[in-house]
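> I am attaching a structure below and will ask some questions about it afterwards.
The values are calculated or read from the model by the stated rules, or taken from the named source; none is laboratory data. What you see is a predicted model, and the numbers here were worked out from it, not measured in a lab. Cβ placement follows ideal geometry from the backbone for every residue including glycine, while neighbour counts extend to all protein chains displayed. The protein model used for the area step is the full one, side chains on, heavy atoms only, and it has no ligands, DNA or RNA in it. Shrake-Rupley method; radii C 1.70, N 1.55, O 1.52, S 1.80 Å.
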Amino acid sequence: QQKVQQSPESLTVSEGAMASLNCTFSDGTSDNFRWYRQHSGKGLEVLVSIFSDGEKEEGRFTAHLNRASLHVSLHIREPQPSDSAVYLCAMSITPSGSWQLIFGSGTQLTVMP
Amino acid sequence: NSKVIQTPRYLVKGQGQKAKMRCIPEKGHPVVFWYQQNKNNEFKFLINFQNQEVLQQIDMTEKRFSAECPSNSPCSLEIQSSEAGDSALYLCASSQDRGNTLYFGEGSRLIVV
């Protein structure tokens, strides 16, 4: 069964310092990966989608994908207290012609002013 | 920002009671997913649709859970006989096509007492 592991479970950074989150997946057959975040009591907000090895930037959010090492990361430049949330990586798979997203268990990011 | 609308935001049910949640997908999005998110941030895929047709559903859904996405009406997820373990955040998401980005609503939080 395909799995997604996120690290760290929680991360505290100071406002303005780079925040880096990691995700490893069980195999390299996924079509693409996405990073979402979820503020407390809210739904999921998509941050960045990445389809091929390398880097993809969306504003202050940059994702790096390396299929060979089964790893995708998210870097948040100049984080602000409003960025405090749970960050989730999601792997897209197509089992038996269908389509699903497999989520990691999340990283709780706290940005201190 | 996502335009997926979920109602109600909260519902409290006794064990054995029915629980029904509704979702209006983003306009122009024929693909709809339902996920269950527990307090440990674990996501469980329940069912997905393309237009009114079920694409895939898990075994649990086939027993106590039912869902539909009728044309010109909100999609719905119903639990026939709620159990304590059903307490969770139920997230609806929609997409333009299979494999495209899923946009999530804010969820319906079910508490079974």
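> Any idea what Rg and Dmax come out to for chain A if you just take the C-alpha atoms, in Å?
Cα radius of gyration and Dmax of chain A are 13.7, 47 Å respectively.
> What does the accessible area of A:Thr29 come to, in Å² to the nearest 10, when a probe of 1.4 Å is used?
Rounded to the nearest 10, that gives 100 Å².
> Using alpha-carbon positions, what is the distance between the centroids of region A:16-71 and region B:1-67, in Å?
About 24 Å separates the Cα centre of region A:16-71 from the one of region B:1-67.
> What is the packing order of peptides A:13-21, B:88-96, taking the mean over residues of other C-beta atoms within 10 Å and listing the highest first?
Highest-to-lowest ranking by the protection proxy: B:88-96, A:13-21.
> Let me ask something else. When Lys and Arg each count +1 and Asp and Glu each count -1, what net charge do the other residues less than 12 Å away from A:Ile93, Cβ to Cβ, add up to?
Around A:Ile93, the surrounding residues sum to 0.
> Could you work out, for chain B, what percent of all Cα-Cα pairs fall into each 10 Å distance bin, beginning at 0 Å and stopping at the bin that holds the largest distance?
Whole-percent P(r) values from 0 Å outward: 16, 51, 29, 4.
> Separate question: Looking at chain A, send over the antiparallel percent of its DSSP beta bridges, to the nearest 5.
Taking every DSSP beta bridge with both residues in chain A, the antiparallel ones total about 90 percent.
> Taking amide H positions as placed in the peptide plane 1.01 Å from N, state which residues far from B:Lys13 in sequence (5 or more) or on other chains have amide H under 5 Å from it.
Residues meeting the criterion, in which the H sits 1.01 Å from N, are B:Ile111, B:Val112, B:Val113.
> If you don't mind, another one. Using only the Cα atoms of the protein assembly as shown, what semi-axes does the equivalent ellipsoid have when each is the square root of 5 times a gyration tensor eigenvalue? Give whole Å, largest first. Present the calculation step by step, with values, prior to reporting the outcome.
Numbers: eigenvalues 174, 82, 50 Å².
The three semi-axes for the protein assembly as shown are 30, 20, 16 Å.
> Ignoring ligands, DNA and RNA, what percent of the accessible area of chain B is carbon or sulfur (1.4 Å)?
On the way: 2460 of 5710 Å².
Answer for chain B is 43 percent, counting heavy atoms of protein chains only.
> So how strong a dipole does chain A carry about its Cα centre when Lys and Arg Cβ are +1 and Asp and Glu Cβ are -1, to the nearest 20 debye?
With only Lys, Arg, Asp and Glu charged at Cβ, the dipole is about 180 debye.
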